[in-house]
1. Check G13, G106, G7 and return the single one that is touching a residue at least 40 places away in the same chain (Cβ under 8 Å), in a loop (DSSP other than H, G, I, E, B) and under 17 Å from the mean Cα position of the chain (by Cα).
2. Mind listing whichever residues of region 1-16 are of a type in the set (K, R) and either near ligand 1 (Cβ under 8 Å from one of its atoms) or surrounded by 23 or more Cβ atoms within 10 Å (Cβ to Cβ) (or both)?
3. Could you list, in sequence order, the residues of region 200-251 that are within 21 Å of the chain's Cα centre (by Cα), under 18 Å from P141 (Cβ atoms) and part of a loop (DSSP other than H, G, I, E, B)?
4. Going through region 130-154 one residue at a time, which ones are within 8 Å of ligand 1 (Cβ to nearest atom) and of a type in the set (D, E, K, R)?
5. Only residues that are under 25 Å from the mean Cα position of the chain (by Cα) and either free of Cβ contacts under 8 Å to residues at least 24 places away in the same chain or in a strand (DSSP E or B) (or both): list them for region 163-187, please.
6. Cβ-Cβ below 6 Å, separation at least six or inter-chain, first residue in region 236-247 and within 21 Å of A176 (Cα to Cα) and surrounded by 12 or more Cβ atoms within 10 Å (Cβ to Cβ), second at pLDDT 95 or above and polar (S, T, N, Q): which pairs?
7. Within the set of pairs 6+ apart or on separate chains, which have a first residue in region 257-272 that is without any contact (Cβ under 8 Å) to a residue 40 or more places away in the chain, a second that is within 15 Å of ligand 1 (Cβ to nearest atom), and C-beta atoms under 9 Å apart?
Amino acid sequence: MKILLTGRNGQVGYELERTLQGLGQVVALDRAQMDLSDLDQVRSVIREVKPQLIVNPAAYTAVDLAEGEVELAMCINAQAPEVMAQEAKKLGAGMIHYSTDYVFDGDQAGSYTEDDVPDPQSVYGRSKLAGEQAIQAAGIPHLILRTSWVYGARGKNFLLTVRRLAQERDELRIVADQFGAPTWCRTIAEATAHALIQMQRYSGTQKDAELDQDVWLSRGGLYHLSAQGRTSWHGLTQAILSHPSVPKKPRLTAISTQDYPLPARRPANSSLSCERFMQTFCGLPGWDEALKLCQDGM
Ligand SMILES: NC(=O)C1=CN([C@@H]2O[C@H](COP(=O)(O)OP(=O)(O)OC[C@H]3O[C@@H](n4cnc5c(N)ncnc54)[C@H](OP(=O)(O)O)[C@@H]3O)[C@@H](O)[C@H]2O)C=CC1
Ligand SMILES: Cc1cn([C@H]2C[C@H](O)[C@@H](COP(=O)(O)OP(=O)(O)O[C@H]3O[C@@H](C)C(=O)[C@@H](O)[C@H]3O)O2)c(=O)[nH]c1=O
């Protein structure tokens, strides 16, 4: 199967380029090769590559900047996935796309299921929801995987920010009233590969080279995919600092969201119920267990 992968230098894209090897012929592209803010280029690259599956982790992920760059965020997160889905439809191809816990308002007490109604509170969240809806509307075989609080050993993320700030400051002041599940980018890539393998197993045809439209249309759809359990950004910081690889441990102070004003509103609780994913595809690790594994390698 020929797989077109976007965002190869992003956290999830970097891991996917490695985990998808062996599952198909991976054509991994960066921003210079396919710029998602240039819809004509997106169209022409897909027509040239002719993939059977498009895997799209590329996104505009700067949550606060998006508040002032609405058009660009909408183009990259909604219009580009829409073009990908339209082109996939013409090719008879499928799509794996990633979305976010920030599609929810965060006011619910328990974890959110795929059946809960999204109500994004930020431009980023609205743009990601619009991307989901465009793919669903195209009627192509797809998996939309909503994840949360992604971190890893490279790129820009909360783990690396905290590890840097810990060396620069004597005190870290971190919000303790926003809850979610920190998810290692490697977990997302490995779970995606498992899902793809399972899709091929569900197919009776044994033809790994092809995408079984019937299987994808019946088993595909929207799934929540995050690490298990939940914590606050403060709890996550505590766990990061307690790892032996962090040489200097600053004082850690719990603050509230209003003590840390930012342009974009974040959900107070965006933990995702992943039962549907785990029942259909594979298990998912606890957030603290995965964080330890990630930091063991740092
Ligand atoms: N990060 C997080 O905390 C979360 C992320 N998600 C979702 O998961 C997916 C993967 O996120 P993650 O890997 O963390 O994101 P990153 O921010 O690490 O990577 C985003 C990737 O998108 C690429 N990109 C950005 N703009 C463009 C553009 N105009 N054209 C082409 N490529 C572009 C970046 O390219 P370049 O390297 O050149 O900048 C980068 O490779 C996204 O859909 C995101 O919305 C969901 C929940 C949480
Ligand atoms: C650096 C810092 C952040 N914070 C708070 C601000 C914010 O509420 C929270 C998280 O900060 P960040 O801005 O790093 O994270 P944020 O950009 O909100 O992360 C989000 O990114 C997008 C892409 C997603 O899809 C989400 O799932 C989520 O991971 O931590 C502090 O309280 N103190 C600090 O010193």
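1. Working: G13 fails: in a loop (DSSP other than H, G, I, E, B); G106 fails: under 17 Å from the mean Cα position of the chain (by Cα).
Of G13, G106, G7, the one residue that is touching a residue at least 40 places away in the same chain (Cβ under 8 Å), in a loop (DSSP other than H, G, I, E, B) and under 17 Å from the mean Cα position of the chain (by Cα) is G7.
2. Just the residues of region 1-16 that are of a type in the set (K, R), to begin with: 2, 8.
Passing the criteria: only R8.
3. Listed by number, the residues that qualify are G220, L225.
4. Residue satisfying the conditions is R146 alone.
5. R164, I174, V175, F179, G180, T183, W184
6. Final answer for the pair search is H243/Q295.
7. Going by the 9 Å Cβ cut-off, there are no qualifying pairs.
Yes/no per residue for (1) without any contact (Cβ under 8 Å) to a residue 12 or more places away in the chain; (2) touching a strand residue (DSSP E or B) at 6+ places or on another chain (Cβ under 7 Å); (3) closer than 22 Å to V103 by Cβ; (4) of a type in the set (D, E):
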position: R18; (1), (2), (3), (4): no, no, no, no
position: A32; (1), (2), (3), (4): yes, no, no, no
position: V42; (1), (2), (3), (4): no, no, no, no
position: A73; (1), (2), (3), (4): no, no, yes, no
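The values are calculated or read from the model by the stated rules, or taken from the named source; none is laboratory data. Please read all numbers here as calculations on a predicted model, not as lab measurements. Here Cβ is always computed from backbone atoms with ideal geometry, including for glycine, and neighbour counts include all displayed protein chains.
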